[in-house]
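A.B. asks: Take this structure, written in structure tokens, and hold onto it; I'll ask about it next.
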Amino acid sequence: MTTIIALVSQKGGVGKSTVSRALATEAAQNGLSVKIADLDTQQGTCVEWNRTRLEKAIKPIVAVEAFGTAAQALKIAPQYDLLIIDGPARASVGTLEIAKAANLVVQPTGPAKDDLIPAVKEFHALVKAGIPRERLVFALNGVGTEAEEREAREYITDAGYLILGCLYEQPAYRRAHNSGRSVTETSYKHLNKQADALIQSLIDKIGVDDDGELSEDKAQEQLGRTSVA
């Protein structure tokens, strides 16, 4: 049974590809067949990152492919244990299509109101369209201070949504991406540990599917327990 995790947002630069790459590398490290479906054909962030990773022969190998539509990406889902859909930097009809198929929909967001307000509106629209609220979760990214994190958490919680985890703004994360690595593969153990905590919280959440098809035990069996030494 394939697990589908979708990364969506109303705008670019909020961390969709960051979470996609970290989840994919950790899942592949645990021996799973995993693919990132990059739907942002203009930016191609994950595709370009993977090209660098392959050129440098970084293990584990992560499969990444660009797709023009959500329907095309979903067709190849049965071939993998885990399909990660890195959605385009905008909301569209395809966003609802992706959300309907996904076991979990993750919306990364920055802590600024400019990011939070449209992000919450996007999830409200998905709930109105029939997506169970329990399948919609946030991940904070690019946070500068603890106070900023706290305020953003309060805003999202008050809106009725769960926050999986948080990544602080760190140049080392950007350097990792530039070199074909993920945020769990930096040169700094404490930063890897912070990133791994976000990915682990995502894995822990997968078992909370509204129709009960994917139990937490099954999710752990499929995705493995990630850990960074």
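A.B. asks: Taking the stretch 132-157 as the search range and keeping residues that are part of a strand (DSSP E or B) and hydrophobic (A, V, I, L, M, F, W, C), which one is farthest from the chain's Cα centre (by Cα)?
C.D. replies: That would be Val143.
A.B. asks: Taking the stated definitions as given, is Val47 without any contact (Cβ under 8 Å) to a residue 24 or more places away in the chain and among the aliphatic types (A, V, I, L, M)?
C.D. replies: Yes.
A.B. asks: Identify, please: which residue in the stretch 82-113 is of a type in the set (Lys, Arg) and assigned to a helix (DSSP H, G or I) and is, among those, surrounded by the fewest Cβ atoms within 10 Å (Cβ to Cβ)?
C.D. replies: Checked the stretch 82-113; the qualifying residue surrounded by the fewest Cβ atoms within 10 Å (Cβ to Cβ) is Lys113.
A.B. asks: Confirm whether Ser9 is of a type in the set (S, T, N, Q) and over 17 Å from Arg135 (Cβ atoms).
C.D. replies: So Ser9 fails the test.
A.B. asks: I want to confirm something. Restricting to the stretch 130-157 and keeping residues that are touching a residue at least 60 places away in the same chain (Cβ under 8 Å) and charged (D, E, K, R), which single residue is surrounded by the fewest Cβ atoms within 10 Å (Cβ to Cβ)?
C.D. replies: Among those that are touching a residue at least 60 places away in the same chain (Cβ under 8 Å) and charged (D, E, K, R), it is Glu134.
A.B. asks: Restricting the stretch 158-207 to residues that are in a loop (DSSP other than H, G, I, E, B) and touching a strand residue (DSSP E or B) at 6+ places or on another chain (Cβ under 8 Å), which is surrounded by the most Cβ atoms within 10 Å (Cβ to Cβ)?
C.D. replies: Only one residue tops the list, namely Val183.
A.B. asks: Among the residues in the stretch 37-48, are any of a type in the set (Gly, Ala, Ser), at pLDDT below 95, more than 20 Å from Ala195 (Cβ to Cβ) and out of contact with any Lys or Arg (no Cβ under 8 Å at 6 or more places or on another chain)?
C.D. replies: yes
A.B. asks: Sticking with this structure for a sec: How many residues are closer than 29 Å to His124 by Cβ and open to solvent by 10 Å² or more (accessible area, probe 1.4 Å) when one looks only at the stretch 20-48?
C.D. replies: 7
A.B. asks: Give me the pairs, please: first residue somewhere in the stretch 93-106 and under 18 Å from Asp81 (Cβ atoms) and touching a residue at least 24 places away in the same chain (Cβ under 8 Å), second residue anywhere and open to solvent by 10 Å² or more (accessible area, probe 1.4 Å) and not in a helix (DSSP H, G or I), beta-carbon distance under 6 Å, and either six or more positions apart or on two chains.
C.D. replies: Ala101/Ile4; Ala102/Ile4; Asn103/Ile4; Asn103/Asp209
The values are calculated or read from the model by the stated rules, or taken from the named source; none is laboratory data. All values derive from a computational prediction rather than experimental measurement. Reconstructed Cβ throughout: ideal geometry from the backbone, glycine too, with neighbour counts over all protein chains shown. Only protein heavy atoms, including side chains, enter the accessible area calculation; ligands, DNA and RNA are left aside. Shrake-Rupley method; radii C 1.70, N 1.55, O 1.52, S 1.80 Å.
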